[in-house]
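Written out below as C-alpha cells is the structure these notes cover.
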Amino acid sequence: MINSLDIKTSGPSQPVSGLSGGNQQKVVIARALAREPSVLVAIRPTAGVDVKSKDALLGVVREVAAAGSGAVIVSDELDDLRVCDRILAFFHGRVVAEFGGGWSDRQLVAAMEGITEPGTTGTDGTAEDTEDRTEGRQS
C-alpha cells in the first residue's frame, strides 16, 4: 500500500503522526482499503492537503468506484465532488437537489445553501422549481 498510494515515509514503522497531512490522509485511505470494503465512505477526504495529494486521494476513490465497489464522498469542497457520478445536495438535513455530470459550481453551491434554480433535478428525478429556503421566494 505504501508504494501503490505513493506514501512518503521512511518506512512502515514510521509513526503516522510524523507524516505530512497528505500522507496521513493516504494512510487513512490505505487502512480502509486493506479491509477490502464493498463501499468506501470518504468524509472531506482532501481537507488540508496539498494539490498533489488531493489529486492522488481522489484518484484512489475513483479507482475504487471503477473496480466495482461503491464510493461515497461527503464534502463541501467542489473539487472533491468533481469525481462523482452523482451528487445529492443537502440543506438542513434534507436532500434538496440531485446532480449528474455537467453541474455548474453556481448550481451546486446554490443548492448547498438551500436555493435551487429552475431546471435543477429534484429528488424525484424531475426538473422542478422549488422555494428559495433562505428568502421564502419562488425561484
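Before moving on, here are some points about what is shown:
- Inter-residue pairs, beta-carbon under 6 Å, first in contact (Cβ under 8 Å) with a residue 24 or more places away in the chain and in the stretch 1-21, second surrounded by 13 or more Cβ atoms within 10 Å (Cβ to Cβ) and of a type outside the set (A, V, I, L, M, F, W, C), 6+ apart: 5/26
- Entry remark, the stretch 15-36: residues being part of a loop (DSSP other than H, G, I, E, B) and surrounded by 14 or more Cβ atoms within 10 Å (Cβ to Cβ) number 2 in total.
- Selection within the stretch 37-46: residues that are farther than 15 Å from residue 83 by Cβ and in contact with a Gly (Cβ under 8 Å, 6 or more places away or on another chain). The member of this set that is surrounded by the most Cβ atoms within 10 Å (Cβ to Cβ) is 39.
- Where strands (runs of 3 or more DSSP E) sit wholly within the stretch 47-139, those with at least 1 residues that are at pLDDT 85 or above and under 11 Å from the mean Cα position of the chain (by Cα) occupy 70-74, 87-91.
- Checked against the criteria, residue 49 does not count as surrounded by 13 or more Cβ atoms within 10 Å (Cβ to Cβ) and assigned by TED's automatic domain parsing to the domain that holds residue 112.
- Residue 63 at positive phi and free of Cβ contacts under 8 Å to residues at least 24 places away in the same chain: no
The values are calculated or read from the model by the stated rules, or taken from the named source; none is laboratory data. Because the structure is predicted, anything quoted here is derived from the model rather than measured. Heads up, the Cβs are rebuilt from the backbone with ideal geometry, glycines too, and the neighbour counts pull from every protein chain shown.
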